[in-house]
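Asker: Sharing a structure below in structure tokens format, with a few things to ask.
The values are calculated or read from the model by the stated rules, or taken from the named source; none is laboratory data. None of the values given here were measured: they were computed from a predicted structure. Cβ: placed from backbone, ideal geometry, glycine included. Neighbour counts: every protein chain shown.
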Amino acid sequence: MAGPVDPQPVDPQPVDPSLATPAGDAAAHLDRLRRMRLAKDAMDRDWAGPLDLDAVAREAGYSRYHFIRLFRAAYGQTPGQYLSRRRIERAEDLLRTADLSVTEICTLVGFSSLGTFSSSFRRHTGLAPSEYRARHVGRGSALVPGCYALLWHGGFTAFRNSGEAD
């Protein structure tokens, strides 16, 4: 006597139909993933600058809204969420290693508002930036002087007055 037939397992997350890959559509699927990766690489390369979502979507060959849907389906988060996480990761590194103020780090990693940076940092790490630094400084090598960190990140131009000559 055969046992009861188990129902088919149900995938808890719906699959974006544009990412579904019937056997004959494998090449198109790989092309979509390649274009998503190129766009993600562009975001990784220019993480400290403002996000021009239209330009990144154009680089991938999609409209802005279709790109957001495909990016979320491929990576589990929107391009803005991904870029924010990358910036926070970089800020964590600078808070542990560089002798820069929280405001300087905020600007270097691409946030234009200290309040937005602090709330995003707390949401990702569970700590305020100053609390994070206090918890992690002294667990390794000495802090890199701020002038070197600014020079390395090209941050001196970010702190110039708008009327200052180049």
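Asker: Would it be correct to say that LEU33 is over 22 Å from ARG123 (Cα atoms) and either within 12 Å of the chain's Cα centre (by Cα) or assigned to a helix (DSSP H, G or I) (or both)?
Answerer: For LEU33, the condition - over 22 Å from ARG123 (Cα atoms) and either within 12 Å of the chain's Cα centre (by Cα) or assigned to a helix (DSSP H, G or I) (or both) - is met.
Asker: OK, next. When you scan segment 50-82, how many residues do you find that are under 22 Å from SER113 (Cα atoms), in contact (Cβ under 8 Å) with a residue 12 or more places away in the chain and not in a helix (DSSP H, G or I)?
Answerer: The qualifying residues number 2.
Asker: All but one of (1) part of a helix (DSSP H, G or I); (2) within 30 Å of ALA28 (Cα to Cα); (3) in contact (Cβ under 8 Å) with a residue 24 or more places away in the chain hold for TRP47; state the number of the condition that does not hold.
Answerer: (1)
Asker: Just the residues that are of a type outside the set (A, V, I, L, M), crowded, with 20+ Cβ neighbours inside 10 Å and part of a helix (DSSP H, G or I), please, taken from segment 108-119.
Answerer: PHE117
Asker: Counting only residues that are of a type in the set (Ser, Thr, Tyr) and surrounded by 14 or more Cβ atoms within 10 Å (Cβ to Cβ), which one in segment 61-100 is farthest from LEU51 (Cα to Cα)?
Answerer: THR97
Asker: So, one more: From ASP46, ASP41, which residue is loosely packed, with under 12 Cβ neighbours inside 10 Å and either closer than 27 Å to HIS124 by Cα or outside the structural domain of VAL109 (by TED's automatic domain parsing) (or both)?
Answerer: That would be ASP41, the only listed residue that is loosely packed, with under 12 Cβ neighbours inside 10 Å and either closer than 27 Å to HIS124 by Cα or outside the structural domain of VAL109 (by TED's automatic domain parsing) (or both).
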